[in-house]
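The values are calculated or read from the model by the stated rules, or taken from the named source; none is laboratory data. Bear in mind that the values here come from a model prediction, so they are computed numbers and not experimental data. Glycine gets a Cβ as well: all are built from the backbone with ideal geometry, and neighbour counts include every protein chain shown. In case anyone asks, the SASA skips ligands and DNA or RNA and just uses the protein heavy atoms, side chains included. Shrake-Rupley method; radii C 1.70, N 1.55, O 1.52, S 1.80 Å.
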Amino acid sequence: MTELNSKQRKILEKAAHDLQPVVIVGGAGVTEGVVQMVESSLVSHELIKVKFNEYKDEKKELTEELCSQCNALLVRIIGNVAILYREAEKPDDRKFNL
């Protein structure tokens with residue numbers, strides 16, 4: 001999957017509404033540890049939120065960097081929180097039928 005259409009984006013936004021951020025970008029920025037945390041969270045959850053406590057002005061660029069490193073798709077950035085999605089590799093593990 002390379003891009004999300006508006007219908008898929010709406011489905012994922014609705015599903016992400018009640019989620020808490022699982023990864024927080026702090027003073028150190030997007031480090032290797034943050035990338036690994038995003039990677040492992042995407043494997044187990046498919047849909048995650050990443051909160052920016054620092055680097056709020058660069059959140060769009062940093063989110064794009066995270067997406068490219070983790071092979072994830074950006075659903076939306078709301079405030080200082082980015083919603084990321086990556087489809088599970090095995091069809092049986094997928095939580096969303098997009």
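Since LYS90 meets every condition but one in (1) at pLDDT 95 or above; (2) open to solvent by 80 Å² or more (accessible area, probe 1.4 Å), which condition does it not meet?
Exception for LYS90: condition (1).
Determine, yes or no, whether VAL81 is at pLDDT below 95 and open to solvent by less than 40 Å² (accessible area, probe 1.4 Å).
Details: at pLDDT below 95: no; open to solvent by less than 40 Å² (accessible area, probe 1.4 Å): yes.
No, not satisfied.
Can you work out which of the residues in segment 29-47 that are open to solvent by 80 Å² or more (accessible area, probe 1.4 Å) and of a type in the set (A, V, I, L, M, F, W, C) is nearest to LYS59 (Cα to Cα)?
Of all residues in segment 29-47, those open to solvent by 80 Å² or more (accessible area, probe 1.4 Å) come to 32, 36-37, 43, 45.
Checking the rest, the ones that are also of a type in the set (A, V, I, L, M, F, W, C) come to 37, 43.
Working: MET37: 17, VAL43: 22 Å.
Checking each candidate, the answer is MET37.
Tell me, please, whether a residue that is under 13 Å from the mean Cα position of the chain (by Cα) and within 18 Å of LYS95 (Cα to Cα) can be found in segment 29-38. Please lay out each step first, then the result.
As a first pass, look at segment 29-38 and keep what is under 13 Å from the mean Cα position of the chain (by Cα): 34-38.
Then drop every residue that is not within 18 Å of LYS95 (Cα to Cα), which leaves 38.
Checked against the condition, which is being under 13 Å from the mean Cα position of the chain (by Cα) and within 18 Å of LYS95 (Cα to Cα), segment 29-38 yields at least one hit.
Which residues, counting only those in segment 63-78, are open to solvent by less than 40 Å² (accessible area, probe 1.4 Å) and not small (Gly, Ala, Ser)? Outline the logic, then answer.
Of all residues in segment 63-78, those open to solvent by less than 40 Å² (accessible area, probe 1.4 Å) come to 63, 66-67, 70, 72-73, 75.
Of everything in segment 63-78, those that are open to solvent by less than 40 Å² (accessible area, probe 1.4 Å) and not small (Gly, Ala, Ser) turn out to be THR63, LEU66, CYS67, CYS70, LEU73, VAL75.
Every residue in segment 48-61 that is closer than 12 Å to LEU84 by Cβ and either open to solvent by 60 Å² or more (accessible area, probe 1.4 Å) or polar (S, T, N, Q) (or both), please.
Of everything in segment 48-61, just one residue is closer than 12 Å to LEU84 by Cβ and either open to solvent by 60 Å² or more (accessible area, probe 1.4 Å) or polar (S, T, N, Q) (or both), namely LYS51.
Go through segment 61-98 and report how many residues are small (Gly, Ala, Ser) and closer than 17 Å to ALA15 by Cα. So that I can check it myself, show each step before the final result.
Applying the first criterion (small (Gly, Ala, Ser)) to segment 61-98 yields 68, 72, 79, 82, 88.
In the following step, the residues that additionally are closer than 17 Å to ALA15 by Cα were identified as 72, 82, 88.
Counting residues in segment 61-98 that are small (Gly, Ala, Ser) and closer than 17 Å to ALA15 by Cα gives 3.
So which pairs qualify, if the first residue must be in segment 69-87 and closer than 13 Å to LEU4 by Cα and of a type outside the set (Lys, Arg), the second must be open to solvent by less than 30 Å² (accessible area, probe 1.4 Å) and assigned to a loop (DSSP other than H, G, I, E, B), the Cβ gap must be under 9 Å, and the two must be at least 6 apart or on different chains?
Sorted first by the residue in segment 69-87, then by its partner, the pairs are LEU73/LEU4; LEU74/LEU4; VAL75/LEU4; LEU84/ALA72; TYR85/LEU4; TYR85/GLU46; TYR85/ALA72; GLU87/GLU46.
Hey, can you tell me all the residues within segment 1-47 that are closer than 15 Å to GLU87 by Cβ, in contact with a Phe, Trp or Tyr (Cβ under 8 Å, 6 or more places away or on another chain) and not hydrophobic (A, V, I, L, M, F, W, C)?
The one that is closer than 15 Å to GLU87 by Cβ, in contact with a Phe, Trp or Tyr (Cβ under 8 Å, 6 or more places away or on another chain) and not hydrophobic (A, V, I, L, M, F, W, C): GLU46.
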